Amino acid sequence: MKAPDEHFKQVISHAKEYGFIFQSSEIYDGLSAVYDYGQLGVQLKNNIRQYWWQAMTRLNENIVGIDAAILMHPTTWKASGHVDAFNDPLIDNKDSKKRYRADVLIEDHCAKLEAKIDKEVKKAEKRFGDAFDKEQFLATNARVLELTQRSKEILSRMAQSLEKEDLADVKALIEELGIVCPVSGSKNWTEVKQFNLMFGTKLGASAESATDLYLRPETAQGIFVNFLNVQKSGRMKIPFGIAQTGKAFRNEIVARQFIFRMREFEQMEMQFFIAPGTQKQWYEHWKEARLKWHLSLGMGEDNYRFHDHEKLAHYADAAADIEFAFPFGFKELEGIHSRTDFDLSRHEEFSGKKLQYFDPEMKESYVPYVVETSIGLDRMFLAILSKSLVEEELDGSSRTVMRIPAVLAPLKAAVLPLVKKDRLPDLAKEIIDTLKFEFEVAYDEKDAVGRRYRRQDAIGTPFCITVDHQSLEDRTVTIRHRDSMEQDRIAIDALAGLLREETAMSNWLKRIEL
Ligand code: GAP
């Protein structure tokens with residue numbers, strides 16, 4: 001098995017080599033933290049989006065979808081708190097002129113302490129062999145306890161200083177820890193300043209009359225401002241949800257780890273409107289429902305965990321992340337937030353319009369509470385890509401295979417004539433012509449069939465259908481399964497049924513409800 005950073009490098013180069021993801025504007029040396037999806041990437045991305053969309057809007061009769069504009073009235077962002085509070089604390093190094101997120105510098109320092117703990121664990125593992133009890137070691141070893149305590153104290157002081165907006169103390173902490181600029185190696189730091197993450201733009205023909213707008217930093221606000229429109233026009237009864245997918249933009253300072261943190265990305269968000277007082281129950285419901293959605297893809301229960309937030313955003317009364325085991329460790333993939341009535345109340349206040357619901361059972365009007373589920377589509381893409389790409393040792397050889405869940409795979413099958421003659425290509429094309437209305441299928445006739453199998457393995461195609469001379473006689477073909485590499489002989493007429501059984505979204509969606 002490859003080391004995690006080696007594996008991550010392979011994921012990035014594989015994504016480019018096979019047409020999943022390219023650096024944006026690469027011929028101009030690229031635009032940092034902005035990426036383009038290639039011919040296979042767009043298929044995988046569309047499939048993930050569809051799988052989310054259908055799970056939300058088809059499996060829940062009380063959830064509907066919308067598609068709000070990216071540009072919104074600028075007061076939206078005043079009301080939501082983004083103008084005043086959507087900030088990162090930044091610090092510059094005077095020698096290298098490089099800019100950093102102050103909290104990330106401190107977190108990186110703590111990550112080094114964690115790495116030291118890991119080193120101690122590895123040393124002890126070697127020393128004690130089979131008798132080693134990791135949990136006991138972590139709970140009792142003096143050096144490990146000291147490092148753990150130090151890391152905890154640093155992070156807690158940072159959290160408190162950020163909460164109090166005490167930026168001078170954040171700088172003091174960086175100095176006390178002796179953190180140096182990774183580029184210049186110096187400790188010559190500026191003050192820490194807040195930096196707003198929203199991208200600004202202008203609406204209007206002339207500079208004088210132009211209005212300042214923002215590119216939306218989250219899709220959620222498009223849902224909040226449409227709450228009444230949807231409720232009234234759809235005659236929705238609480239509890240009900242509004243789902244949306246779409247682009248969001250953040251001027252991330254520390255944009256790294258490939259498509260994990262981008263400046264232009266896509267979110268899939270759902271706001272669930274509920275009666276005040278029921279938020280705890282719905283929060284637990286959505287935590288469980290969202291984890292089920294992830295697990296239905298069969299990428300291994302061990303790769304997911306919940307992280308409950310101790311420090312809550314000003315609008316939330318509970319929040320948790322679903323974290324995923326990315327190649328660089330467990331990191332946030334999705335957030336589930338109990339947002340109270342904060343957003344709708346603020347939009348009421350700033351717009352002067354009532355955003356209330358008359359509850360026929362309670363016989364009263366109220367501003368609904370909201371539980372939100374919010375997942376980054378690109379992050380989900382990275383989760384799939386990084387977990388499915390494996391190098392397998394076979395008898396005397398190896399293969400690179402992407403074990404992408406079949407429902408999401410960019411291509412469902414490739415049809416391969418064994419040779420380029422004897423009417424085999426004609427039959428292969430005839431098969432494609434029957435399958436193409438329902439499935440994404442490709443044709444490949446170049447190179448030996450073994451090499452063609454490897455090519456399809458490398459892009460995650462779950463099935464290869466080989467047409468040979470026997471096919472002309474009895475209308476059967478060989479179907480090869482990507483993961484087991486097993487081959488079966490089946491009738492051409494049975495192909496669509498098999499592909500439907502194994503890859504159709506409707507079949508996979510049923511697993512979520514189990
Ligand atoms: N409406 C709530 C909200 O936007 P968030 O935690 O800021 O919450 C939700 O973002 C999700 O969006 C994250 O869990 C992550 O998957 C994704 N996300 C956030 N910032 C991102 C970025 N810069 N690049 C890629 N995905 C991002």
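Out of Tyr315, Tyr304, Tyr283, one residue alone is hydroxyl-bearing (Ser, Thr, Tyr), modelled with pLDDT under 95 and surrounded by 12 or more Cβ atoms within 10 Å (Cβ to Cβ). It is Tyr315. When the test is whether a residue is at pLDDT 95 or above and part of a loop (DSSP other than H, G, I, E, B), Asn46 does not pass it.
Go through Met236, Met262 for me and flag whichever is under 20 Å from Ala383 (Cα atoms), in a loop (DSSP other than H, G, I, E, B) and at pLDDT 95 or above.
Just one listed residue meets the conditions, Met262.
A count restricted to the range 269-307 and to residues that are basic (Lys, Arg) and within 16 Å of the ligand (Cβ to nearest atom) stands at 3.
If I ask for residues that are aliphatic (A, V, I, L, M) and surrounded by fewer than 20 Cβ atoms within 10 Å (Cβ to Cβ), which ones from the range 42-62 would you list? If the condition is that a residue be aliphatic (A, V, I, L, M) and surrounded by fewer than 20 Cβ atoms within 10 Å (Cβ to Cβ), then Val42, Leu59 are the ones that fit.
What about Asp433, is it modelled with pLDDT of 95 or more, surrounded by fewer than 13 Cβ atoms within 10 Å (Cβ to Cβ) and not aromatic (Phe, Trp, Tyr)? It would help to see each step written out before you state the result.
Values: modelled with pLDDT of 95 or more: yes; surrounded by fewer than 13 Cβ atoms within 10 Å (Cβ to Cβ): yes; not aromatic (Phe, Trp, Tyr): yes.
In short, yes.
For the range 295-327: of the residues being part of a loop (DSSP other than H, G, I, E, B) and without any contact (Cβ under 8 Å) to a residue 60 or more places away in the chain, which is nearest to His7 (Cα to Cα)? Of everything passing the filter in the range 295-327, His309 is nearest to His7 (Cα to Cα).
Just a yes or no: is a residue in the range 331-347 at positive phi, out of contact with any strand residue (DSSP E or B) (no Cβ under 9 Å at 6 or more places or on another chain) and more than 14 Å from the ligand (Cβ to nearest atom)? No; the residues of the range 331-347 include none that is at positive phi, out of contact with any strand residue (DSSP E or B) (no Cβ under 9 Å at 6 or more places or on another chain) and more than 14 Å from the ligand (Cβ to nearest atom). Which fully enclosed helices (runs of 4 or more DSSP H) of the range 62-146 have 3 or more residues being basic (Lys, Arg)? Because the criterion is at least 3 residues that are basic (Lys, Arg), the helices (runs of 4 or more DSSP H) in the range 62-146 that meet it are 102-128.
Please tell me if Gly352 is without any contact (Cβ under 8 Å) to a residue 60 or more places away in the chain, within 16 Å of the ligand (Cβ to nearest atom) and of a type outside the set (Asp, Glu). Considered against the rule, which asks whether it is without any contact (Cβ under 8 Å) to a residue 60 or more places away in the chain, within 16 Å of the ligand (Cβ to nearest atom) and of a type outside the set (Asp, Glu), Gly352 comes out as no.
From the list Pro327, Pro410, the lone residue that is within 27 Å of Ala248 (Cα to Cα), away from the ligand (no atom under 15 Å from the Cβ) and touching a His at 6+ places or on another chain (Cβ under 6 Å) is Pro327.
Against the test of being closer than 25 Å to Phe260 by Cβ and either modelled with pLDDT of 95 or more or among the aromatic types (Phe, Trp, Tyr) (or both), the options Ile66, Ile91 yield a single qualifying residue, Ile91.
For the range 262-311, name all the residues that are among the polar types (S, T, N, Q) and within 25 Å of Lys45 (Cβ to Cβ).
Restricting attention to the range 262-311, the residues satisfying the condition of being among the polar types (S, T, N, Q) are 267, 271, 278-279, 281, 296, 303.
Listed by number, the residues that qualify are Gln267, Gln271, Ser296, Asn303.
No other residue among Val415, Val407, Val401 is in contact (Cβ under 8 Å) with a residue 40 or more places away in the chain, assigned to a strand (DSSP E or B) and closer than 20 Å to Leu297 by Cβ apart from Val401. So is Phe358 within 30 Å of Glu288 (Cα to Cα), within 16 Å of the ligand (Cβ to nearest atom) and loosely packed, with under 15 Cβ neighbours inside 10 Å or not? Taking the combined requirement at face value, the residue does not satisfy it. Among the residues of the range 218-229, those that are in contact (Cβ under 8 Å) with a residue 12 or more places away in the chain and more than 14 Å from the ligand (Cβ to nearest atom) comprise Asn226, Phe227, Leu228. If you filter the range 361-370 down to residues that are out of contact with any helix residue (DSSP H, G or I) (no Cβ under 8 Å at 6 or more places or on another chain) and touching a residue at least 12 places away in the same chain (Cβ under 8 Å), you find that the one that is nearest to the ligand (Cβ to nearest atom) is Tyr366. (1) assigned to a loop (DSSP other than H, G, I, E, B); (2) in contact with a helix residue (DSSP H, G or I) (Cβ under 8 Å, 6 or more places away or on another chain): which one isn't true of Lys421, the others all being true? Single failed check for Lys421: (2).
Per-residue answers, yes or no, for (1) surrounded by 18 or more Cβ atoms within 10 Å (Cβ to Cβ); (2) closer than 21 Å to Met505 by Cβ:
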{"site": "Asp378", "(1), (2)": "yes, yes"}
{"site": "Ser386", "(1), (2)": "yes, no"}
{"site": "Val390", "(1), (2)": "no, no"}
{"site": "Glu393", "(1), (2)": "no, no"}
{"site": "Thr400", "(1), (2)": "no, no"}
{"site": "Leu427", "(1), (2)": "yes, no"}
{"site": "Asp457", "(1), (2)": "yes, no"}
{"site": "Thr466", "(1), (2)": "yes, no"}
{"site": "His481", "(1), (2)": "no, yes"}
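Residues are listed down the side, and each one gets a yes or a no for (1) within 14 Å of the ligand (Cβ to nearest atom); (2) outside any helix (DSSP H, G or I); (3) touching a His at 6+ places or on another chain (Cβ under 7 Å):
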| site | (1), (2), (3) |
| --- | --- |
| Pro182 | no, yes, no |
| Gln194 | no, yes, no |
| Met198 | yes, yes, yes |
| Gln231 | no, no, no |
| Ile242 | yes, yes, no |
| Asn251 | yes, yes, no |
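The single condition among (1) within 22 Å of Tyr366 (Cβ to Cβ); (2) surrounded by 17 or more Cβ atoms within 10 Å (Cβ to Cβ) that His294 does not meet is (1). When Thr373 is tested against (1) at pLDDT below 95; (2) within 16 Å of the ligand (Cβ to nearest atom), only condition (1) is not met.
The values are calculated or read from the model by the stated rules, or taken from the named source; none is laboratory data. Everything numeric in this text was worked out from a predicted model, so none of it was measured. Note that we place each Cβ from the backbone using ideal geometry, even for glycine, and neighbour counts take in every protein chain shown.
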